[in-house]
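Written out below as structure tokens is the structure these notes cover.
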Amino acid sequence: MMKKFGIAVVGCGRISTNHLRGIQEMSDQIRLVAVVDTIPERADARKQEYNAEKACYCLEDALKDPEIEGVDLCLPHYLHHPIAIRCMQAGKHVMVEKEMSTSYETSLDMVRMAKESGVTLMVGQSRRFFSAVQKSVELAHAGEIGHIFNVISVWQTKLDHALTTWWKSRAQAGGLLVALNGSHAVDYITWLKNYQYPKRVYCQLNHINPDWEGEDEVTMVLTYADGSTASVHLSFNQDDYRHFRIIEGTKGNMYLDDEKTLYVNREVREGNDKMPFSFGLQVMEFVSSIREGREPVCSGRIVAPVNAILDTAFLSAKTGQAIDLHERYPELANR
């Protein structure tokens, strides 16, 4: 039998429970060697709950452990870049929670370090692993609905207070809603469009809830060189939960309902998302890509341009103008 892959989860806060559950579901192939947190009580609690072999209270202790081949970073956004760099310098493969980093510049630095260190860098875009989401992209790339000329992504919910302390800080969260949910929406659109990047980005932001500093209302419009468009609408202030995507093409349309059910021309094509848990599939993609010596489907290199789009959205909101993405980042104009 192949030796189990040794992994450590770094950061034992709110989102770590999903990652730990995913690792637990894949325990036949993955060893949870350690959980790491600077708050000992939190690390100890996660160790007991998810049967980790050890709890570490210092990152360096985990990085010195030869049994740990890869790390799963479940940290505040502003720590993604420096901690990922440190882990890769130590020769560890890295999976980092989205958003990848708080800027395109630091995301590219992470990609550079992965290449220099000869390790895998993957971004935890967990929503890529819902079967209905995957089917929508598969059908789009196969030409099922023809040329896609418009995508509408809506994600609205009600959040009265920050779910973790660092969400309150604009600097630590990298804004708020753009990073938390916008990174998912833009990643999906970019994947669906087969990595064609928009020529222009226009964005308006608003801040309603005083419990945090960052934006909690987002409207973003992406315009492509061929005239096609995509729009992203996000809110933390709506009592009625809505999460859907409409993909319009010259041969028909697709409707993705809460990422669980896919309708193609009003007929269900994929529904009732399959098990295992999307975070389990995500961590297995990380491990499998390392074992097979291939690039993961949401590698740092692939996902980094999402940060270019998000950075440009913030600039648009600040200036009140549509911004030419290709002018800012000529390397993204080649598709």
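A few notes on this one:
- Residue, farthest from ARG21 (Cα to Cα), within the range 229-284, restricted to residues that are in a loop (DSSP other than H, G, I, E, B), out of contact with any Gly (no Cβ under 6 Å at 6 or more places or on another chain) and among the hydrophobic types (A, V, I, L, M, F, W, C): PHE236
- Residue check for MET110: in a strand (DSSP E or B) and either on the phi > 0 side of the Ramachandran plot or of a type outside the set (Asp, Glu) (or both): no
- Failed item in (1) aliphatic (A, V, I, L, M); (2) in a loop (DSSP other than H, G, I, E, B); (3) open to solvent by 10 Å² or more (accessible area, probe 1.4 Å), with ILE145 passing the rest: (3)
- Criterion: more than 20 Å from SER183 (Cα to Cα) and surrounded by 17 or more Cβ atoms within 10 Å (Cβ to Cβ) - qualifying residue of GLY271, GLY249: GLY249
- Leading residue by the ranking (farthest from the chain's Cα centre (by Cα)) among those in the range 165-179 that are closer than 11 Å to PRO76 by Cβ and open to solvent by less than 10 Å² (accessible area, probe 1.4 Å): ALA173
- VAL232, sole failed condition from (1) crowded, with 21+ Cβ neighbours inside 10 Å; (2) farther than 14 Å from ARG127 by Cα; (3) in contact with a Lys or Arg (Cβ under 7 Å, 6 or more places away or on another chain); (4) not acidic (Asp, Glu): (3)
- Note on the range 1-47: residues that are buried (at least 17 other Cβ atoms within 10 Å of the Cβ), acidic (Asp, Glu) and without any contact (Cβ under 8 Å) to a residue 40 or more places away in the chain amount to 1.
- The one condition in (1) in contact with a Phe, Trp or Tyr (Cβ under 6 Å, 6 or more places away or on another chain); (2) modelled with pLDDT under 95 that PRO40 fails to fulfil: (2)
- Listed by first and then second residue, the pairs linking a residue in the range 162-181 that is closer than 19 Å to SER107 by Cβ and of a type in the set (Val, Ile, Thr) to a residue that is assigned to a helix (DSSP H, G or I) and at pLDDT 95 or above, with Cβ atoms under 6 Å apart and 6 or more places separating them unless they lie on different chains, are VAL178/LEU310.
- Pairs where the first residue, in the range 319-335, is surrounded by 14 or more Cβ atoms within 10 Å (Cβ to Cβ) and the second is at pLDDT 95 or above and of a type in the set (Lys, Arg), C-beta under 7 Å, 6+ apart: ALA322/ARG200; ILE323/ARG200; ASP324/LYS199; ASP324/ARG200; LEU325/LYS199; LEU325/ARG200; HIS326/LYS199
- One residue from MET95, MET88, MET113 being under 23 Å from GLU331 (Cβ atoms) and either surrounded by 24 or more Cβ atoms within 10 Å (Cβ to Cβ) or touching a Lys or Arg at 6+ places or on another chain (Cβ under 8 Å) (or both): MET88
- Considering residues of the range 297-306 that are in contact with an Asp or Glu (Cβ under 7 Å, 6 or more places away or on another chain) and open to solvent by less than 10 Å² (accessible area, probe 1.4 Å) only, the residue nearest to ALA230 (Cα to Cα): VAL306
- Residue list for the range 191-223, filter: open to solvent by less than 10 Å² (accessible area, probe 1.4 Å), outside any strand (DSSP E or B), of a type outside the set (D, E, K, R) and in contact with a strand residue (DSSP E or B) (Cβ under 9 Å, 6 or more places away or on another chain): LEU192, PRO198, GLY214
The values are calculated or read from the model by the stated rules, or taken from the named source; none is laboratory data. All values derive from a computational prediction rather than experimental measurement. We place every Cβ from the backbone using ideal geometry, glycine too, and count neighbours over all the protein chains shown. Accessible surface is based on the protein model in full, side chains and every heavy atom, while ligands, DNA and RNA are left aside. Shrake-Rupley method; radii C 1.70, N 1.55, O 1.52, S 1.80 Å.
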